[in-house]
Amino acid sequence: MQTPDPSDSLHHCREVHVEIPFQQRLQSLIRRIAMPNPTDVQDAQPSMILYDDHGPATARLLDLAIGAIQHARTEDLSAISARMSTAPRWPDIWPGEHYKLLAGIVKVLQPQRIVEVGTYQGLSAITMAKHLPQGGRLYTYDITPYRQIPGHIVLPSDFDGDRIVQVIADLSELSSFEANREILESADLVFVDAS
Ligand SMILES: C[S@@+](CC[C@H](N)C(=O)[O-])C[C@H]1O[C@@H](n2cnc3c(N)ncnc32)[C@H](O)[C@@H]1O
(Lines give C-alpha, C1' and ligand atoms only; values in the text may rest on other atoms or scores of the structure.)
Protein backbone atom coordinates (compact mmCIF):
# COMPACT_ATOMS: atom_id res chain seq x y z
CA MET A 1 0.00 0.00 0.00
CA GLN A 2 1.45 3.39 -0.98
CA THR A 3 0.83 6.68 0.74
CA PRO A 4 -1.43 8.79 -1.52
CA ASP A 5 0.38 11.64 -3.18
CA PRO A 6 -1.91 14.68 -3.06
CA SER A 7 0.03 16.42 -5.83
CA ASP A 8 -1.12 13.81 -8.32
CA SER A 9 -4.71 13.65 -9.56
CA LEU A 10 -4.38 9.86 -9.76
CA HIS A 11 -3.65 9.51 -6.05
CA HIS A 12 -7.00 7.89 -5.27
CA CYS A 13 -6.19 5.13 -7.78
CA ARG A 14 -2.89 4.51 -6.08
CA GLU A 15 -4.58 3.26 -2.97
CA VAL A 16 -5.17 -0.04 -4.72
CA HIS A 17 -2.36 -0.20 -7.28
CA VAL A 18 0.79 -1.09 -5.39
CA GLU A 19 3.03 -0.91 -8.44
CA ILE A 20 3.20 2.52 -10.11
CA PRO A 21 4.56 2.16 -13.67
CA PHE A 22 8.02 3.64 -14.10
CA GLN A 23 6.89 6.03 -16.85
CA GLN A 24 4.15 7.42 -14.60
CA ARG A 25 6.55 7.95 -11.71
CA LEU A 26 8.98 9.67 -14.06
CA GLN A 27 6.26 11.97 -15.42
CA SER A 28 5.19 12.84 -11.90
CA LEU A 29 8.79 13.63 -10.92
CA ILE A 30 9.37 15.78 -14.02
CA ARG A 31 6.15 17.65 -13.36
CA ARG A 32 7.13 18.37 -9.80
CA ILE A 33 10.56 19.63 -10.91
CA ALA A 34 9.28 21.64 -13.91
CA MET A 35 6.20 23.04 -12.18
CA PRO A 36 6.96 23.13 -8.46
CA ASN A 37 4.16 24.12 -6.13
CA PRO A 38 4.93 27.78 -5.32
CA THR A 39 2.85 27.69 -2.12
CA ASP A 40 2.66 25.63 1.04
CA VAL A 41 -0.86 24.53 0.14
CA GLN A 42 -0.85 20.74 0.01
CA ASP A 43 -3.25 20.11 -2.89
CA ALA A 44 -2.01 22.28 -5.76
CA GLN A 45 -2.72 21.14 -9.32
CA PRO A 46 -0.99 22.76 -12.30
CA SER A 47 -3.12 23.63 -15.31
CA MET A 48 -2.08 24.44 -18.84
CA ILE A 49 -3.56 26.37 -21.73
CA LEU A 50 -2.46 24.81 -25.00
CA TYR A 51 -2.89 26.03 -28.56
CA ASP A 52 -3.14 23.58 -31.39
CA ASP A 53 -2.73 23.98 -35.15
CA HIS A 54 -6.27 25.32 -35.39
CA GLY A 55 -5.40 28.45 -33.43
CA PRO A 56 -6.62 29.88 -30.15
CA ALA A 57 -9.71 28.80 -28.25
CA THR A 58 -12.99 29.68 -29.91
CA ALA A 59 -15.58 31.95 -28.31
CA ARG A 60 -17.77 28.87 -27.82
CA LEU A 61 -15.03 27.06 -25.92
CA LEU A 62 -14.36 30.08 -23.73
CA ASP A 63 -18.08 30.50 -23.03
CA LEU A 64 -18.30 26.81 -22.11
CA ALA A 65 -15.33 27.13 -19.74
CA ILE A 66 -16.75 30.27 -18.08
CA GLY A 67 -20.20 28.70 -17.71
CA ALA A 68 -18.80 25.43 -16.36
CA ILE A 69 -16.60 27.21 -13.81
CA GLN A 70 -19.46 29.42 -12.72
CA HIS A 71 -21.67 26.42 -12.15
CA ALA A 72 -18.89 24.44 -10.46
CA ARG A 73 -18.52 27.12 -7.80
CA THR A 74 -21.94 26.32 -6.38
CA GLU A 75 -22.27 22.66 -7.41
CA ASP A 76 -23.33 20.51 -4.48
CA LEU A 77 -21.94 17.00 -4.80
CA SER A 78 -22.39 16.12 -1.13
CA ALA A 79 -24.89 13.34 -1.99
CA ILE A 80 -22.18 11.70 -4.09
CA SER A 81 -19.34 12.14 -1.63
CA ALA A 82 -21.63 10.82 1.12
CA ARG A 83 -21.39 7.46 -0.63
CA MET A 84 -17.68 7.37 0.14
CA SER A 85 -16.84 5.51 3.32
CA THR A 86 -13.55 7.34 3.86
CA ALA A 87 -12.08 10.81 3.42
CA PRO A 88 -10.80 12.62 1.48
CA ARG A 89 -14.10 13.13 -0.28
CA TRP A 90 -12.83 14.15 -3.68
CA PRO A 91 -16.11 15.49 -5.15
CA ASP A 92 -16.15 18.21 -2.49
CA ILE A 93 -12.60 19.36 -3.18
CA TRP A 94 -12.73 22.42 -5.43
CA PRO A 95 -10.63 23.65 -7.05
CA GLY A 96 -8.06 20.87 -7.24
CA GLU A 97 -10.25 17.95 -8.21
CA HIS A 98 -12.24 17.70 -11.42
CA TYR A 99 -15.65 16.57 -10.18
CA LYS A 100 -17.40 19.91 -9.74
CA LEU A 101 -16.00 21.12 -13.05
CA LEU A 102 -17.21 17.96 -14.80
CA ALA A 103 -20.68 18.52 -13.37
CA GLY A 104 -20.50 22.12 -14.61
CA ILE A 105 -19.45 21.09 -18.12
CA VAL A 106 -22.36 18.64 -18.39
CA LYS A 107 -24.80 21.18 -16.97
CA VAL A 108 -23.77 23.75 -19.60
CA LEU A 109 -23.20 21.44 -22.57
CA GLN A 110 -26.25 19.17 -22.00
CA PRO A 111 -24.74 16.33 -24.04
CA GLN A 112 -26.95 13.44 -25.12
CA ARG A 113 -23.98 11.05 -25.24
CA ILE A 114 -20.98 11.10 -22.94
CA VAL A 115 -18.02 8.76 -23.30
CA GLU A 116 -15.72 8.39 -20.34
CA VAL A 117 -12.48 6.44 -20.51
CA GLY A 118 -11.58 5.31 -17.00
CA THR A 119 -14.45 4.40 -14.67
CA TYR A 120 -12.38 3.31 -11.67
CA GLN A 121 -14.72 3.67 -8.63
CA GLY A 122 -17.34 5.45 -10.71
CA LEU A 123 -17.11 8.85 -9.04
CA SER A 124 -16.79 10.87 -12.23
CA ALA A 125 -19.41 8.71 -13.98
CA ILE A 126 -22.13 9.43 -11.43
CA THR A 127 -21.02 13.04 -11.18
CA MET A 128 -21.44 13.57 -14.93
CA ALA A 129 -24.69 11.58 -14.95
CA LYS A 130 -26.17 14.01 -12.40
CA HIS A 131 -26.87 16.65 -15.06
CA LEU A 132 -27.28 14.36 -18.05
CA PRO A 133 -30.43 15.49 -19.90
CA GLN A 134 -33.50 13.29 -20.23
CA GLY A 135 -32.77 10.41 -22.61
CA GLY A 136 -29.03 10.99 -22.33
CA ARG A 137 -26.56 8.17 -21.85
CA LEU A 138 -23.08 7.91 -20.43
CA TYR A 139 -20.79 5.12 -21.59
CA THR A 140 -17.93 4.58 -19.20
CA TYR A 141 -15.02 2.39 -20.30
CA ASP A 142 -12.54 0.53 -18.19
CA ILE A 143 -10.43 -2.58 -18.39
CA THR A 144 -11.63 -3.55 -14.90
CA PRO A 145 -15.32 -3.88 -13.94
CA TYR A 146 -16.23 -1.35 -11.24
CA ARG A 147 -17.42 -4.16 -8.99
CA GLN A 148 -13.82 -5.35 -8.70
CA ILE A 149 -12.56 -1.94 -7.58
CA PRO A 150 -12.38 -1.65 -3.76
CA GLY A 151 -14.51 1.19 -2.45
CA HIS A 152 -16.48 1.54 -5.66
CA ILE A 153 -19.07 4.29 -5.47
CA VAL A 154 -21.40 3.34 -8.29
CA LEU A 155 -24.18 0.95 -7.38
CA PRO A 156 -26.01 -1.55 -9.60
CA SER A 157 -29.09 0.74 -9.40
CA ASP A 158 -27.09 3.54 -11.07
CA PHE A 159 -27.19 1.42 -14.23
CA ASP A 160 -31.00 1.14 -14.24
CA GLY A 161 -32.53 2.39 -17.46
CA ASP A 162 -29.13 2.37 -19.18
CA ARG A 163 -28.44 6.00 -18.28
CA ILE A 164 -24.97 4.80 -17.33
CA VAL A 165 -23.45 1.86 -19.20
CA GLN A 166 -20.09 0.39 -18.32
CA VAL A 167 -18.16 -1.14 -21.19
CA ILE A 168 -15.20 -3.35 -20.41
CA ALA A 169 -12.57 -2.76 -23.09
CA ASP A 170 -8.94 -1.77 -23.38
CA LEU A 171 -9.14 1.30 -25.56
CA SER A 172 -5.38 1.31 -26.11
CA GLU A 173 -6.06 -1.66 -28.41
CA LEU A 174 -6.96 -0.66 -31.96
CA SER A 175 -9.34 -3.63 -32.21
CA SER A 176 -11.25 -2.39 -29.13
CA PHE A 177 -11.44 1.07 -30.64
CA GLU A 178 -12.85 -0.38 -33.86
CA ALA A 179 -15.34 -2.55 -31.96
CA ASN A 180 -16.59 0.56 -30.12
CA ARG A 181 -16.32 3.00 -33.01
CA GLU A 182 -20.05 3.66 -33.21
CA ILE A 183 -20.33 4.62 -29.54
CA LEU A 184 -17.15 6.68 -29.59
CA GLU A 185 -18.22 8.59 -32.68
CA SER A 186 -21.64 9.33 -31.19
CA ALA A 187 -20.18 11.19 -28.21
CA ASP A 188 -20.99 14.86 -27.62
CA LEU A 189 -18.54 14.91 -24.72
CA VAL A 190 -15.49 12.71 -24.19
CA PHE A 191 -13.72 12.58 -20.84
CA VAL A 192 -10.42 10.67 -20.96
CA ASP A 193 -9.13 9.86 -17.51
CA ALA A 194 -7.26 6.60 -18.03
CA SER A 195 -3.67 5.89 -17.25
C1 LIG B 1 -7.76 7.81 -12.87
S2 LIG B 1 -8.69 6.33 -12.82
C3 LIG B 1 -10.29 6.95 -13.33
C4 LIG B 1 -10.92 7.81 -12.26
C5 LIG B 1 -12.33 8.26 -12.59
N6 LIG B 1 -12.48 8.78 -13.95
C7 LIG B 1 -12.75 9.35 -11.63
O8 LIG B 1 -12.43 10.53 -11.88
O9 LIG B 1 -13.39 9.07 -10.61
C10 LIG B 1 -8.11 5.55 -14.30
C11 LIG B 1 -8.88 4.30 -14.76
O12 LIG B 1 -8.56 4.11 -16.14
C13 LIG B 1 -8.56 2.73 -16.43
N14 LIG B 1 -7.78 2.49 -17.65
C15 LIG B 1 -6.43 2.55 -17.80
N16 LIG B 1 -6.08 2.23 -19.06
C17 LIG B 1 -7.22 1.99 -19.73
C18 LIG B 1 -7.50 1.62 -21.09
N19 LIG B 1 -6.51 1.43 -21.97
N20 LIG B 1 -8.79 1.44 -21.47
C21 LIG B 1 -9.79 1.61 -20.56
N22 LIG B 1 -9.57 1.97 -19.27
C23 LIG B 1 -8.32 2.15 -18.85
C24 LIG B 1 -7.92 2.13 -15.19
O25 LIG B 1 -8.24 0.76 -15.07
C26 LIG B 1 -8.48 3.01 -14.05
O27 LIG B 1 -9.61 2.42 -13.45
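The values are calculated or read from the model by the stated rules, or taken from the named source; none is laboratory data. All figures in this text were calculated on a predicted structure; none of them were measured in a lab. Here the Cβ is made from the backbone with ideal geometry for all residues, glycine too, and neighbour counts use every protein chain on show. The accessibility values were calculated without ligands, DNA or RNA, using every heavy atom of the protein model including side chains. Shrake-Rupley method; radii C 1.70, N 1.55, O 1.52, S 1.80 Å.
The table below lists the values:
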read-out	value
Burial ranking of peptide ranges 172-178, 184-190 (average Cβ count within 10 Å, highest at the top)	184-190, 172-178
Summed side-chain charge close to Phe177 - residues other than Phe177 whose Cβ falls under 12 Å, Lys, Arg +1, Asp, Glu -1	-4
Total formal charge among the other residues, if their Cβ is under 13 angstrom from that of Tyr139, Lys/Arg +1 and Asp/Glu -1	-2
Residue order for Tyr141, Tyr120 - accessible surface, 1.4 angstrom probe, largest first	Tyr120, Tyr141
The chain: most fluctuating residue of Thr58, Thr140, Thr74 per GNM, C-alpha cutoff 10 Å	Thr58
Counting all C-alpha pairs of the chain, share separated by more than 30 Å (%)	22 percent
Cβ-based charge dipole, region 58-192, positive-most Cα from Pro95, Val165, Ile105	Pro95
Cα pair distances of region 18-101 binned at 10 Å [whole percent]	14, 29, 38, 19, 1
